[in-house]
Amino acid sequence: MTAPVIELRGLARTYPGPPPVPALRPADLVIGAGDYVAVTGPSGSGKSTLLHLLGLLDSPTAGSYLLDGLDTSKLPDRDRSALRGRRIGIVFQAFHLLAYRTALENVLLAELYNHTPRSTRLQAAAGALGAVGLGHRLDALPTTLSGGGCQRVAIARALVNQPSLLLCDEPTGNLDSRNAASLMELLDQLNSGGLTIVIITHDAAVAAHAGRTVTISDGILSERIRAGHG
Amino acid sequence: MGRPGAGLPLPRLTVRDTAAEAIAGIVQRPGRAGLTMLGTVLGVGAFVAVLGLTATGAGQISRQFSVLEDTTVTVADNGPANDVAPPGTNPRIGFPADADVIADHIKGVVAAGVWWPVALPEGTNFSASLALSGEASQTVNLLAVSPGAVKAMVPAMVAGSPLSTYENDTAQHVAMIDTSTASALGISPARLPSHPAVFVNGIAYTVVGIYSSAQRVVSGGSAMLIPEDTALADYGNPQPGIGTQEEAQMVIATKTGAAEAVSREIAAAELPTDPHRLVVTPPPNPLKLQGEVNGDLAGLFLILALISLLIGAVGIANTTLVAVLERTGEIGVRRAVGARPRHIAGQFLAESTALGTLGGLIGTCIGVGIVVIFAAAQNWTVVLNPVYTLPAPLIGTVVGLLAGAYPALRAARTSPLAALRHA
């Protein structure tokens with residue numbers, strides 16, 4: 001196994017009550033660089049909780065989360081922000097694009113908070129949109145793009161800072177089957193390029209794209225090792 | 001980096017990027033931005049307009065406030081503390097015999113002299129030399145004037161010459177009359193070389209000069225002027241005391257801007273032993289005058305402007321708060337891509353401040369426009385004090401900054417997870 005990008009040691013999240021809800025029970029998980037992991041489970045099983053913890057959008061109530069070997073649970077908010085900006089790209093089910101900004105501006109948003117000059121940022125944003133097949137729609141507003149187009153913009157935004165981890169929360173949830181297939185193809189491509197991907201889905205067809213599948217049920221994480229994966 | 005943390009460069013938002021984001025946020029919703037700014041526009045506009053109109057009006061009053069008024073000081077004789085005159089007579093006038101000369105020594109005095117209206121019995125008859133007109137009789141104001149007073153009056157002579165010091169000192173029976181009195185008495189300026197006389201109750205006064213008008217003392221009406229000493233000899237002392245309308249007064253013509261100083265010195269100079277007997281009236285201060293005229297109204301308008309600003313601030317605060325709630329998803333995305341709470345706060349604060357500044361700028365333009373249009377309609381000169389006008393847009397900036405503080409703080413406190421869930 002390659003050097004781990006993610007290492008969870010007894011990571012747990014309990015939402016304060018009353019009554020307290022153990023959304024994620026203590027879990028251990030190691031995800032190596034270039035891994036493609038699907039997290040599946042029924043609604044309310046704790047998938048999103050895991051994604052939020054992995055995306056540093058939420059803090060665990062117990063255990064530790066090592067990202068690129070760095071224990072994030074001890075970091076102050078400013079460093080967690082820096083990690084979110086530099087190491088993690090997140091793609092949401094609802095895209096979360098700014099409706100009044102063009103595709104290019106939406107991608108530029110992810111570069112706003114790092115230390116690069118505007119010309120570099122523009123170049124990177126245009127490049128990221130080109131990589132997801134939207135090089136010709138730089139000035140399109142999200143309202144004029146299809147669901148698939150919007151999700152591609154969201155992926156470009158997640159990738160523009162060249163993160164070591166791409167987190168996808170039900171990325172095909174708002175897409176029709178044709179767009180979904182095309183998007184999964186894109187993710188496959190990105191993974192074969194070496195990108196570590198964690199995808200949350202309840203769709204078995206989507207999960208099938210991933211090399212590893214982790215299941216959560218009632219907050220308990222378990223992994224089924226697939227034979228023949230290499 | 002030397003930090004125990006992630007070792008990554010901390011997320012940073014440059015001032016330029018903050019400004020660009022703020023402007024983008026405003027431009028995206030121009031209608032809402034316009035309505036949000038309205039309160040600030042009205043407040044700053046009212047502020048600039050009120051101050052501009054006040055200054056313009058004041059400038060106009062200063063212009064209308066003539067140089068003549070600005071250079072005239074009057075001193076009235078209020079009489080001695082204890083009336084020492086024998087019964088049936090009046091006390092000596094409060095001004096010394098050399099009052100004119102004393103006044104002349106004060107810096108800034110152009111001319112000064114004493115005068116009073118001579119009290120004549122009922123039915124006093126004025127008539128001209130029998131040789132000129134047989135029965136012409138008139139009621140004329142008879143004024144006793146010192147030579148200095150004649151000079152200070154600045155009479156416009158039509159014929160002859162003003163009353164002289166010699167004529168006064170020797171108590172000559174001479175007189176200066178105005179043109180309307182002259183024509184009523186049948187004395188034409190052309191006949192002056194033949195020494196026509198005016199008879200007042202039988203006393204003949206040779207007319208030595210005819211004047212058409214004068215700048216002071218007799219500016220409004222017509223009067224026959226006789227030397228001060230002649231009047232004292234013929235009719236005795238005038239009745240002292242303010243309000244008698246007959247008290248001796250001194251009229252002083254000063255240089256421009258000297259009136260105030262002269263007013264302060266004249267009483268003590270003329271009557272060092274009893275300066276309080278003399279009541280000095282300086283010219284009204286034009287600034288004080290306009291202040292009295294406009295002060296109340298301007299104050300009212302400024303209060304209205306302040307209320308507008310307050311409403312503007314509440315408007316901006318409310319809209320920014322709504323925007324924060326509405327854009328919770330955006331906050332979440334920004335946090336997800338690395339923004340720190342301070343960046344979120346900075347962005348919303350910059351937006352509200354930009355809105356306030358824009359409102360301030362527009363308000364200032366409107367305020368200046370109102371002043372210009374008003375002044376143009378009145379044919380007045382626009383007076384705008386740059387000390388108030390130029391920083392006026394900054395009032396909007398401050399309003400925006402204060403109004404955005406709470407919403408920005410709220411935005412900063414939004415957890416990224418809550419923000420994304422909300423969206």
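The values are calculated or read from the model by the stated rules, or taken from the named source; none is laboratory data. For clarity, every value in this text was computed on a predicted model and none was experimentally measured. Positions of Cβ are generated from backbone atoms using ideal geometry, with glycine treated the same way; all protein chains shown enter the neighbour counts. Heads up: the accessible areas ignore ligands, DNA and RNA and are worked out on the full protein's heavy atoms, side chains in. Shrake-Rupley method; radii C 1.70, N 1.55, O 1.52, S 1.80 Å.
Which of the following residues is open to solvent by 40 Å² or more (accessible area, probe 1.4 Å), at pLDDT below 85, more than 14 Å from chain A (Cβ to nearest Cβ) and within 20 Å of B:M37 (Cα to Cα): B:L384, B:L300, B:L304, B:L390?
Result: B:L304 is the single residue among B:L384, B:L300, B:L304, B:L390 that is open to solvent by 40 Å² or more (accessible area, probe 1.4 Å), at pLDDT below 85, more than 14 Å from chain A (Cβ to nearest Cβ) and within 20 Å of B:M37 (Cα to Cα).
Against the condition of a type in the set (S, T, Y), over 24 Å from the mean Cα position of the chain (by Cα) and either outside the structural domain of B:G312 (by TED's automatic domain parsing) or crowded, with 18+ Cβ neighbours inside 10 Å (or both), how does B:T357 come out, does it pass?
yes
Can you tell me how many residues within region A:1-47 are exposed (fewer than 13 other Cβ atoms within 10 Å of the Cβ), charged (D, E, K, R) and closer than 15 Å to A:I197 by Cα?
0
Give just the number: which of (1) buried (at least 17 other Cβ atoms within 10 Å of the Cβ); (2) in a helix (DSSP H, G or I); (3) of a type outside the set (S, T, Y); (4) under 26 Å from the mean Cα position of the chain (by Cα) does B:E260 not satisfy?
(1)
Of all residues in region B:366-378, count the ones that are open to solvent by 70 Å² or more (accessible area, probe 1.4 Å) and in contact (Cβ under 8 Å) with a residue 60 or more places away in the chain.
4
Taking interchain pairs and intrachain pairs at least six residues apart, which have beta carbon atoms under 9 angstrom, with the first residue in region B:392-416 and among the aromatic types (F, W, Y) and the second surrounded by fewer than 20 Cβ atoms within 10 Å (Cβ to Cβ)?
B:Y406/B:L321
Of the conditions (1) open to solvent by less than 40 Å² (accessible area, probe 1.4 Å); (2) farther than 15 Å from B:A149 by Cβ; (3) assigned to a loop (DSSP other than H, G, I, E, B), B:Q172 clears all except one; give me its number.
It is condition (1) that B:Q172 fails.
Evaluate the following for B:N318: is it closer than 30 Å to B:P11 by Cβ, open to solvent by 70 Å² or more (accessible area, probe 1.4 Å) and either in contact (Cβ under 8 Å) with a residue 60 or more places away in the chain or in the same structural domain as B:A33 (by TED's automatic domain parsing) (or both)?
yes
Could you check region A:44-101 and list, in sequence order, the residues that are within 11 Å of chain B (Cβ to nearest Cβ) and among the polar types (S, T, N, Q)?
Result: A:S48, A:T49, A:S59, A:T72, A:S81, A:Q93.
So how many residues does region A:72-82 have that are under 16 Å from A:R13 (Cβ atoms) and touching a strand residue (DSSP E or B) at 6+ places or on another chain (Cβ under 9 Å)?
2
Only residues that are under 30 Å from A:A110 (Cβ atoms), aliphatic (A, V, I, L, M) and not in a helix (DSSP H, G or I): list them for region B:339-395, please.
Selection gives B:A339 alone.
Does B:A19 count as in a helix (DSSP H, G or I), within 8 Å of chain A (Cβ to nearest Cβ) and modelled with pLDDT of 80 or more?
It is false that B:A19 is in a helix (DSSP H, G or I), within 8 Å of chain A (Cβ to nearest Cβ) and modelled with pLDDT of 80 or more.
If you check every pair at least six apart or on different chains, which have Cβ atoms under 6 Å apart with a residue in region B:335-355 that is at the interface with chain A (Cβ under 7 Å from one of its Cβ atoms) and under 15 Å from A:D58 (Cα atoms) first and a residue that is open to solvent by less than 20 Å² (accessible area, probe 1.4 Å) and among the polar types (S, T, N, Q) second?
B:G338/A:S81; B:R340/A:S81
Output the residue which, of all residues in region A:102-133 that are open to solvent by less than 40 Å² (accessible area, probe 1.4 Å) and assigned to a loop (DSSP other than H, G, I, E, B), is farthest from the other protein chains (Cβ to nearest Cβ).
Per the stated criteria, the residue is A:V132.
Restricting the first residue to region A:39-59 and requiring it to be under 20 Å from A:A205 (Cβ atoms), which pairs with a second residue that is assigned to a helix (DSSP H, G or I) meet a Cβ separation below 7 Å and a spacing of at least six or different chains?
Short answer, once both residue conditions are applied: A:V39/A:K47; A:V39/A:L50; A:T40/A:A207; A:G41/A:K47.
Whether any residue in region B:114-130 is modelled with pLDDT under 80, of a type in the set (G, A, S), assigned to a loop (DSSP other than H, G, I, E, B) and over 16 Å from B:T230 (Cα atoms) is what I want to check.
yes
Please go through region B:310-334 and give me each residue that is hydroxyl-bearing (S, T, Y) and either more than 28 Å from B:L394 (Cα to Cα) or within 14 Å of chain A (Cβ to nearest Cβ) (or both), ordered by number.
Selection gives B:T328 alone.
With the condition kept exactly as written, say whether any residue in region A:134-151 is within 11 Å of chain B (Cβ to nearest Cβ), closer than 20 Å to B:E330 by Cβ and not in a loop (DSSP other than H, G, I, E, B).
Scanning region A:134-151, I find no residue that is within 11 Å of chain B (Cβ to nearest Cβ), closer than 20 Å to B:E330 by Cβ and not in a loop (DSSP other than H, G, I, E, B), so the answer is no.
Quick one: how many residues across region B:181-199 are in a helix (DSSP H, G or I) and touching a residue at least 40 places away in the same chain (Cβ under 8 Å)?
Summing the residues that are in a helix (DSSP H, G or I) and touching a residue at least 40 places away in the same chain (Cβ under 8 Å) in region B:181-199 gives 4.
When you look at B:T54, is it at pLDDT below 85 and open to solvent by 30 Å² or more (accessible area, probe 1.4 Å), yes or no?
Yes, satisfied.
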